[in-house]
Amino acid sequence: MIVPNHVLEMLKRVRALYYQDGRETRMLPDDAAHSPFRGAQSASAASITGLWEALRNQGKARGRSQSILADPETLANAETYSGNIENMIGTVKVPVGVVGPLRVRGLHADGDFHLPLATTEAALVASYGRGALAATRSGGISTAVLYEGVLRSPAFVFDSLLNAGRFVDWVVTQVDDLRAAAEATTAHGRLVSLEPIIDNNVVFLLCRFTTGEAAGQNMVTIATDALCRKAVDDCPAKPLRWYVEGNFSGDKKATSLGTLTGRGRKVSASVTLPEQVVQKVLRTDIDAMLDYGRVAGLGALLSGQFGAQAHYANALAAFYIATGQDAACVAESAVGFTRIERREDGLFCSVTLPNILVGTVGGGTALPSQRAARSLLGLEGPGSAAALAEVTAALCLCGEISIVAAMSAGHFTSAHRKLARTR
């Protein structure tokens, strides 16, 4: 059989659905009139109530959905969300657990931290808590921000390779003026690198910015736009068209570029677990963890994973949501490398994440719930974003330690059965 059986079975199921209940015509375009829906760019109690009325008129507001999403506290604080969302109809409550104390001994972060995690996944907080306990009993996690810079990659399309080359030749002689145009848009962003990439008649400019205490996604977009407009206005070689982002930077995507050069903050974290901690806290042994680590490393290699790690995304999604970070950045932040090695004094465990995008100001960090959750960390003021990035990497390391231990000891399934209660 040339066509695999699972493909034939899938086609059989699709074919049966297609000819059921007239679905072959249902999938055709439908030009019937539809009810218009007017949104609201700014949030207020009145705008939220008005949107719910429109939803009811269209038969979409059912049961207690309005009272649950648009609760009294949300309505009372509606204006605070105006800079973060459009068409606001309420807030969603996600359970928040706490992990800690987690001892971090870093270049920027130093202390015992309690970390809020917003998640609906049973066993996740318990697992990270166990890793934090093991790391803290081992003296804490050493961390360092190794590199910093948020990328934006505008693209310029020319009529020929020759004019693309002329544009690049002009750009490298005008860096000071282009930097000034970009930095005039922000009090905190700084252009630290400008690298042209040519693909025949298309030029990408890799613009790397430091962003102070903010994650800086919007900051670098606005600054890059100003840089591009300055270049287009002043350069004799005019592009046919240009775009503020050419999909080269790795924004919200796992890429080879991000893995190698980083986007945001590149952070490394490590701890050495004594044998006694591995046995008493993690309920396994060093050799068992090393054995599983070799198999997991092979799995990462064979599957073509960007980096080699177990589940950074679990920590990042829960921590980003709880503290008001851009949750979509988990797509690129969850790239990195986990290592475990035997040392004379125990099991050395480390993670390196090249794309941690976090901030202590801007974005959703000032929203009521997120600000309250972030206050547990006590990270404010100069250097706080770098400290937050180090804490984030330390949290990811806790998860790697715990899951490798659970897999190596055969406890992974039983822990989920117990804590998730086989729902």
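Quick notes on this one:
- Odd one out for LEU302, checked against (1) crowded, with 18+ Cβ neighbours inside 10 Å; (2) in a helix (DSSP H, G or I): (1)
- The residue list GLY140, GLY165, GLY129, GLY111 contains one member that is at pLDDT 95 or above and either farther than 30 Å from GLN370 by Cβ or crowded, with 22+ Cβ neighbours inside 10 Å (or both), which is GLY165.
- ALA109 being assigned by TED's automatic domain parsing to the domain that holds LEU316, more than 17 Å from VAL277 (Cβ to Cβ) and not charged (D, E, K, R): yes
- Qualifying residue in region 180-195 (condition: of a type outside the set (Gly, Ala, Ser), in a loop (DSSP other than H, G, I, E, B), surrounded by fewer than 17 Cβ atoms within 10 Å (Cβ to Cβ) and over 24 Å from the mean Cα position of the chain (by Cα)): yes
- Residue match in region 303-314 (condition: touching a residue at least 24 places away in the same chain (Cβ under 8 Å) and under 18 Å from TYR147 (Cα atoms)): yes
- Residue match in region 258-271 (condition: surrounded by fewer than 20 Cβ atoms within 10 Å (Cβ to Cβ), under 30 Å from LEU133 (Cβ atoms) and modelled with pLDDT of 95 or more): yes
The values are calculated or read from the model by the stated rules, or taken from the named source; none is laboratory data. Being a predicted model, the structure only gives us computed values, none of them experimental. Reconstructed Cβ throughout: ideal geometry from the backbone, glycine too, with neighbour counts over all protein chains shown.
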